[in-house]
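Asker: Quick one: the structure is below, questions incoming.
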Amino acid sequence: MPRVGYVYDPLYLEHTVSGHPESAGRLQAIMGHLESKGVLDRMVTVEARNATVEDVRLAHSQALAKLVSTPVAQDHTWLDVDTYVTPSSHAAALRAAGGVLAATDEVVAGNLSSAFCLVRPPGHHATPDRAMGFCLFNNVAIAARHALERHGLQRVAIVDFDVHHGNGTQDVFYEDPRVLFFSVHQYPFYPGTGFLDETGSGAAQGNTINVPFPRGCGDDAYLAVMNEVCLPALRCFGPELILVSAGFDAHFADPLAGQLVSVRGYYEIASLLQRTAGELCGGRIVYALEGGYDLEAISWSAHACLSAMLGEDFAPDPLGPGPEVRGPDVSGLIARVRELHGL
């Protein structure tokens with residue numbers, strides 16, 4: 001059995017506002033599910049550390065680091081209409097980023113084959129100078145820069161299958177040729193970015209690959225784009241490490257989006273990524289939790305990804321395959337992306 005690690009810390013639960021979609025209940029549901037199914041017993045615990053200001057500055061401005069660290073006198077305050085901070089948020093955000101850093105260290109060092117970071121607040125919307133979209137610090141972006149600057153890696157790939165475009169991650173690496181950023185997401189949708197022609201700039205031209213899916217796409221469409229765009233792009237790029245922004249809000253039960261992916265679909269996506277990581281970079285892959293707002297769907301979807309990482313068979317979930325409807329035809333869109341990027 002491969003040595004697969006996981007990161008979790010109770011501090012992640014202290015950043016929360018009752019009634020907000022991105023609350024502690026998400027992670028409580030996942031952890032309760034994984035513990036009840038015995039999944040964590042087959043994994044290696046990775047202790048999260050606190051990211052330092054120097055770590056945060058790998059992907060963010062000093063102004064953002066200062067903003068998030070500003071004391072909150074009341075129960076919570078709002079950075080924008082979606083994104084809150086509480087008196088515990090800064091500590092939780094540092095521990096979340098530090099958790100992904102700790103997992104990255106263990107995987108790059110060869111102590112683990114892969115790892116899943118059960119962290120929050122999420123990160124992929126946080127830009128170099130702005131917290132937004134429920135996100136404070138960009139956990140995956142910080143880890144990617146850490147791997148490049150401190151571990152001496154030359155090429156890191158980031159795969160983002162959250163239903164929302166990872167605009168923050170794109171902004172951090174838009175001109176960095178050392179990073180391949182792939183995102184499949186619902187469009188048009190929050191945050192309004194991630195169109196086909198956003199492909200990178202300068203020496204990194206072509207290293208940003210966006211697949212803006214229409215509403216109503218399910219397993220077949222997602223697996224097609226993984227097989228026909230993501231995996232060929234990874235093989236062309238040749239990463240030494242793959243980081244995954246693992247959002248489960250494309251699930252058909254999610255209340256905030258309109259896609260039709262099933263838990264089985266997430267298992268197949270994770271299985272594809274595991275095999276590709278084994279082929280390209282010695283299996284080195286680190287997942288970080290992003291979105292997903294139906295508690296049962298996110299719990300089973302995380303379970304499915306961990307099953308794939310552990311090399312286990314799919315554990316059938318009670319939600320099943322979802323609505324039996326024909327989704328939009330995305331073959332033309334996929335062909336356009338392949339042509340645009342020479343795949």
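Any read-out appearing in this document is the output of simple, stated calculations on the displayed coordinates, not a laboratory observation. From a predicted model like this one, the values you see are computed outputs, not experimental measurements. Heads up, the Cβs are rebuilt from the backbone with ideal geometry, glycines too, and the neighbour counts pull from every protein chain shown.
Asker: With loop defined by DSSP as not H, G, I, E or B, and exposure as at most 15 other Cβ atoms within 10 Å, which is the longest segment of the chain clear of exposed GluC sites (Glu not before Pro)?
Answerer: Answer from the scan: 176-311.
Asker: Now for a different question. Normalised by the number of residues in the chain, what is the relative contact order in percent for Cα pairs under 8 Å and 6+ residues apart?
Answerer: Contact order relative to length: 18 percent.
Asker: Also, quick follow-up: Assign one of three labels to the chain, namely rounded, prolate or oblate, based on the Cα gyration tensor with a ≥ b ≥ c the square roots of its eigenvalues; rounded applies when a/c is under 1.5, prolate when it is not and a/b is larger than b/c, and oblate otherwise.
Answerer: It comes out rounded by the Cα gyration axes.
Asker: Run the numbers on region 199-273 and let me know its relative contact order in percent, using alpha-carbon pairs under 8 Å that are six or more apart.
Answerer: Once normalised by length, the contact order is 34 percent.
Asker: Given +1 on the Cβ of Lys and Arg, -1 on the Cβ of Asp and Glu, and no further charges, what dipole in debye does region 203-343 carry about its Cα centre, rounded to the nearest 20?
Answerer: Dipole magnitude for region 203-343 comes out near 460 debye.
Asker: I'd like the FRET efficiency for GLN154 and PHE195, computed as 1/(1 + (r/R0)^6) with the beta carbon distance as r and R0 of 25 Å, rounded to 0.05.
Answerer: Given R0 = 25 Å and the Cβ-Cβ separation, E is 0.30.
Asker: Quick check on region 71-214: take the gyration tensor over C-alpha atoms, sort the square-rooted eigenvalues as a ≥ b ≥ c, and tell me if it's rounded (a/c under 1.5), prolate or oblate.
Answerer: In terms of gyration-tensor shape, oblate.
Asker: Pull out a ≥ b ≥ c, the square roots of the eigenvalues of the alpha-carbon gyration tensor of region 141-217, then state rounded if a/c is under 1.5, prolate if not and a/b is larger than b/c, and oblate in the remaining case.
Answerer: It comes out prolate by the Cα gyration axes.
Asker: Restricting to Cα pairs below 8 Å that are 6+ residues apart, what does the relative contact order work out to for region 181-234? Please round to a whole percent.
Answerer: Averaging sequence separation for qualifying contacts and normalising by length gives 37 percent for region 181-234.
Asker: Would you mind computing, in nm to one decimal, how far apart the modelled labels at ASP41 and LEU256 are, each placed 7 Å from Cα along Cα→Cβ?
Answerer: Output for this residue pair reads 3.3 nm.
Asker: Still on this model: Assigning unit charges at the beta carbon (Lys, Arg +1; Asp, Glu -1) and nothing else, what dipole magnitude in debye, to the nearest 20, does region 27-182 show about its Cα centre?
Answerer: Using only the charged Cβ atoms, the result is roughly 200 debye.
Asker: Hey, got the Cα dimensions of region 259-315 along the principal axes, in Å, largest first?
Answerer: Extents along the principal axes: 34, 23, 19 Å.
Asker: By how many nm would the segment from ALA91 to ALA335 grow when fully extended, if each residue of separation counts as 0.36 nm and the alpha-carbon distance is taken off?
Answerer: That pair, ALA91 and ALA335, stretches by 83.4 nm at full extension.
Asker: Given points 7 Å out from each Cα along the Cα-Cβ axis, report the VAL72 to GLU296 separation in nanometres with one decimal.
Answerer: Here the modelled spin labels are 3.1 nm apart.
Asker: Can you check what the Kirkwood hydrodynamic radius comes to for region 219-320, Cα pairs only, in Å to one decimal?
Answerer: Result for region 219-320, one decimal place: 13.8 Å.
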